[in-house]
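The values are calculated or read from the model by the stated rules, or taken from the named source; none is laboratory data. Keep in mind the model is a prediction, meaning the values are calculated, not measured. For neighbour counting, all protein chains shown are included, and Cβ atoms are generated from backbone atoms with ideal geometry for every residue, glycine included.
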Amino acid sequence: MPTDNADRLLSAYRWMQLTRTLDEAIHTLWLTGKGVGGTFNQRGHEAISVGAAMCLQPDDVVAPMHRDLGAYLVRGITPRRIMAQQLGRATGVSGGRDANIHGCGDLDFGVIGFISHLPQSLPVAVGAAMAFQHRDEPRVALTFTGDGGAITGLFSESLNLAALEGAPVVIVVEENQYAYSTPIAAHSANTDIAARARAAGVEAVDIDGNDIEAVLTNVAAAVGSAREGEGPTVVVAHTMRMLGHAIHDGAEYVPAELLTDWERRDPVDAIRTILEEAGHPAHQLDEIDSSTRAEADDAVEFALASPWPDPSTVENGVWA
Amino acid sequence: MTDGSSLDDPRSERTYLEAISDALVFEMSRDENVVLMGEDIAAPFGGAFKVTKSAGEKFGSDRVRNTPMSESAFIGAANGMALMGMRPVVEVQFADFVTTGFDSIVQFAATTHYRWGAKVPWVIRAPADGGLRSGPFHSQNPEAWFVHSPGLKVVAPSTPTDAYGLLLSSIRDDNPVIFMESKPLYRSLRGPVPTGDHPISLGLADVARPGRDCTVITYGAMRHQATTAAEQLAGEGIEIEVIDLRTLKPLDLTTVLESVARTSRALVVHAANRLAGVGAEVAAVIADECFGHLDAPVRRLGGLDVPVPFSPPLEDAYRPDSDKIAQACRDLCAW
């Protein structure tokens with residue numbers, strides 16, 4: 001493979017492995033009783049969140065959701081800040097104001113924090129894109145939602161607005177088969193999300209969300225097209241949420257064979273196979289694995305040693 | 001006026017509506033980040049009430065932007081524009097319709113700065129209030145919902161001068177501001193409006209009329225009902241002090257408490273539903289902070305706990321007016 005592409009894939013592997021390792025470290029904290037409140041699972045979404053974020057330029061903005069740990073990391077929010085955020089510490093992204101990966105925004109890194117009411121980030125990203133367009137800036141906004149978010153009125157309203165305005169926005173729909181416990185066929189009469197996007201006047205493409213190369217290629221094309229003034233694109237990335245909705249959820253409602261089937265398509269295993277087949281020696285990839293484990297361990301140590309927020313500051317920050 | 005500004009070169013006899021239009025045009029001239037968004041607002045139509053007509057004619061459809069009938073999406077888009085440094089001023093066609101964009105306001109915009117420190121500097125202009133025989137869905141005063149949501153400022157001007165100065169300050173504020181406009185005042189009320197840069201600070205009440213016997217605390221169109229009642233009562237030897245809150249969040253409790261400590265009687269009046277309205281908070285604070293000064297219970301007048309009815313006798317029964325205010329003051333002064 002060409003060197004640029006090889007470097008890009010190696011970089012994607014590092015981010016995906018960091019996402020996986022950090023997610024597992026978070027799980028371990030919760031399973032050993034050190035967690036605070038609830039937390040979400042990332043497993044299965046690593047190629048989408050990492051790949052999509054890698055398609056952006058530093059001046060672009062991204063409005064991720066709770067399955068997009070990889071996007072926060074790629075943008076430069078450190079594992080330490082994220083882990084401290086998970087544990088409600090003063091050193092976390094929101095200083096203990098918001099929970100787990102909610103409100104994990106930092107405009108210094110072009111990241112807009114999300115709220116639980118999916119897909120509220122969608123019109124926000126459309127508005128950010130409208131601001132870029134209004135000021136004639138060559139910037140793009142990218143946001144994520146799921147198949148559950150894609151059935152809301154706000155999804156239709158936002159796509160219509162984006163199409164009307166020709167806004168430079170890319171909407172990645174992580175079609176992960178389940179909205180909490182409800183399978184897509186039970187919540188969407190028309191499960192073809194791309195068709196619904198096209199019906200609203202927005203270009204749309206379906207991709208394999210576990211295939212990092214498909215994510216990188218298609219999101220890069222969508223971002224490029226937005227930057228060229230050709231308007232919004234919806235990228236429907238098909239995947240499987242491999243664990244429950246959140247840490248409390250055993251997801252017993254998911255048929256075992258579905259998980260077995262998707263386990264064979266694990267996105268982190270898949271990118272490793274691509275790299276090995278391209279001639280990257282296993283020891284090189286193993287070194288990446290060890291370094292991400294060290295980063296995750298360091299983040300946990302940092303977060304556990306971090307101070308709690310001072311209760312006397314509880315009223316600070318309501319007003320700008 | 002506050003801020004030490006004066007009414008130099010006032011355009012006398014501007015309506016309340018024209019004052020709002022003037023403020024939009026002034027602020028758009030001053031700051032290119034200010035854009036207007038809403039349904040049917042662009043020129044030449046200029047909006048359901050024509051408030052944005054002059055701005056649309058002057059600045060064109062790039063800065064006075066029509067939106068589809070999708071409040072949730074365009075208020076959400078205003079959130080994104082504001083995060084990127086713009087200052088959108090959104091018109092919801094009627095305050096009653098703001099519910100369709102509620103998540104974008106109270107969940108996203110209101111909480112963002114507290115949660116992760118980013119500013120969301122927009123204004124939502126909400127043509128509110130009744131008395132115009134417009135029925136349950138074109139007459140509401142939903143300000144209490146927003147006062148109850150941490151992170152939003154809520155402004156409710158009652159005069160052309162205040163509408164102009166408070167709108168300038170609202171647009172410049174770095175927080176999301178709900179700007180409640182009183183529709184019955186749009187064309188019925190005229191007054192002096194400055195032409196230049198005369199912002200009025202948010203969070204300062206105005207003593208609309210000084211008095212010694214009883215304090216009426218109110219805002220919006222009810223200010224004028226209260227001053228009418230005060231004139232009537234003056235003929236009976238009762239001197240009413242009328243305080244116009246002007247900003248409902250943050251509340252200027254200092255002015256309220258100072259007045260009630262002096263008059264020893266308080267009546268809180270608003271056109272919005274009385275039950276759990278803004279007046280309930282004001283009354284509770286007075287009871288808490290002024291207990292030792294009070295010669296009578298703190299009373300409230302507000303809309304009844306029913307949807308705003310359409311037919312004139314029903315709406316009049318629903319809504320406070322100068323006669324009801326005068327009677328409540330007589331009762332308090334006779335306590």
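Here are some residues: B:Val216, B:Val256, B:Val260, B:Val207. Which one is within 19 Å of B:Gln327 (Cβ to Cβ) and outside any loop (DSSP other than H, G, I, E, B)?
Values: B:Val256 fails: within 19 Å of B:Gln327 (Cβ to Cβ); B:Val260 fails: within 19 Å of B:Gln327 (Cβ to Cβ); B:Val207 fails: within 19 Å of B:Gln327 (Cβ to Cβ).
Going through B:Val216, B:Val256, B:Val260, B:Val207 in turn, the sole match is B:Val216.
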Practice task
Test A:Pro168 against the stated conditions and say whether it is farther than 24 Å from A:Asp23 by Cα, in contact with a Lys or Arg (Cβ under 8 Å, 6 or more places away or on another chain) and crowded, with 20+ Cβ neighbours inside 10 Å.
Solution key: yes
Problem - Failed item in (1) crowded, with 24+ Cβ neighbours inside 10 Å; (2) closer than 30 Å to A:Glu228 by Cα, with A:Gln86 passing the rest - result: (2)
Practice task
Could you tell me whether the range B:102-121 includes any residue that is touching a residue at least 40 places away in the same chain (Cβ under 8 Å) and under 21 Å from B:Leu304 (Cα atoms)?
Solution key: no
Handout entry: Residues (assigned to a loop (DSSP other than H, G, I, E, B) and within 19 Å of B:Met222 (Cα to Cα)) located in the range B:104-134
Key = B:Asp129, B:Gly130, B:Gly131, B:Leu132, B:Arg133, B:Ser134
Handout entry: Residue within the range B:91-103 that is at pLDDT 95 or above, more than 10 Å from every other protein chain (Cβ to nearest Cβ) and assigned to a strand (DSSP E or B) present
Key = yes
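Okay, residues lined up against (1) without any contact (Cβ under 8 Å) to a residue 12 or more places away in the chain; (2) closer than 30 Å to B:Phe137 by Cβ:
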| position | (1), (2) |
| --- | --- |
| B:Lys183 | no, yes |
| B:Leu204 | no, no |
| B:Val242 | no, no |
| B:Arg246 | no, yes |
| B:Thr254 | yes, no |
| B:Arg262 | no, no |
Exercise for the section: Identify, by number, the condition in (1) among the acidic types (Asp, Glu); (2) free of Cβ contacts under 8 Å to residues at least 40 places away in the same chain; (3) crowded, with 22+ Cβ neighbours inside 10 Å that B:Asp62 doesn't meet. Expected result: (3)
Practice task
For the range A:119-128, state whether one or more residues are more than 22 Å from A:Val236 (Cα to Cα) and within 11 Å of chain B (Cβ to nearest Cβ).
Solution key: no
Handout entry: Filtered residue count, the range A:196-221, keeping only those that are within 23 Å of A:Ala47 (Cα to Cα), among the small types (Gly, Ala, Ser) and outside any strand (DSSP E or B)
Key = 5
Exercise for the section: Have a look at A:Arg97, A:Arg139 and point out the one that is within 26 Å of B:Trp122 (Cα to Cα), in contact with a helix residue (DSSP H, G or I) (Cβ under 6 Å, 6 or more places away or on another chain) and more than 7 Å from chain B (Cβ to nearest Cβ). Expected result: A:Arg139
Exercise for the section: For B:Val154, work out the one condition from (1) crowded, with 23+ Cβ neighbours inside 10 Å; (2) among the hydrophobic types (A, V, I, L, M, F, W, C); (3) assigned to a helix (DSSP H, G or I); (4) in contact with an Asp or Glu (Cβ under 8 Å, 6 or more places away or on another chain) it doesn't fulfil. Expected result: (3)
Handout entry: Considering residues of the range A:157-182 that are part of a strand (DSSP E or B), out of contact with any Leu (no Cβ under 9 Å at 6 or more places or on another chain) and in contact (Cβ under 8 Å) with a residue 60 or more places away in the chain only, the residue nearest to the other protein chains (Cβ to nearest Cβ)
Key = A:Val173
Problem - Check on A:Ala84, farther than 30 Å from B:Ala82 by Cα, in a helix (DSSP H, G or I) and not hydroxyl-bearing (Ser, Thr, Tyr) - result: no
Problem - Enumeration of residues in the range B:299-322 that are surrounded by fewer than 13 Cβ atoms within 10 Å (Cβ to Cβ) and either of a type in the set (A, V, I, L, M) or touching a residue at least 12 places away in the same chain (Cβ under 8 Å) (or both) - result: B:Asp305, B:Val306, B:Ser311, B:Pro312, B:Ala317
Fill in the blank from the handout: Inside the range B:231-240, the number of residues satisfying the requirement of being in contact (Cβ under 8 Å) with a residue 40 or more places away in the chain, out of contact with any Asp or Glu (no Cβ under 6 Å at 6 or more places or on another chain) and either assigned to a loop (DSSP other than H, G, I, E, B) or closer than 20 Å to B:Arg262 by Cα (or both) is 3
Practice task
Taking the options A:Ala53, A:Ala84, name whichever one is more than 30 Å from A:Ser312 (Cα to Cα) and among the small types (Gly, Ala, Ser).
Solution key: A:Ala53
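Regarding the range B:29-51, can at least one residue be identified that is within 14 Å of another protein chain (Cβ to nearest Cβ), touching a Gly at 6+ places or on another chain (Cβ under 6 Å) and not β-branched (Val, Ile, Thr)?
yes
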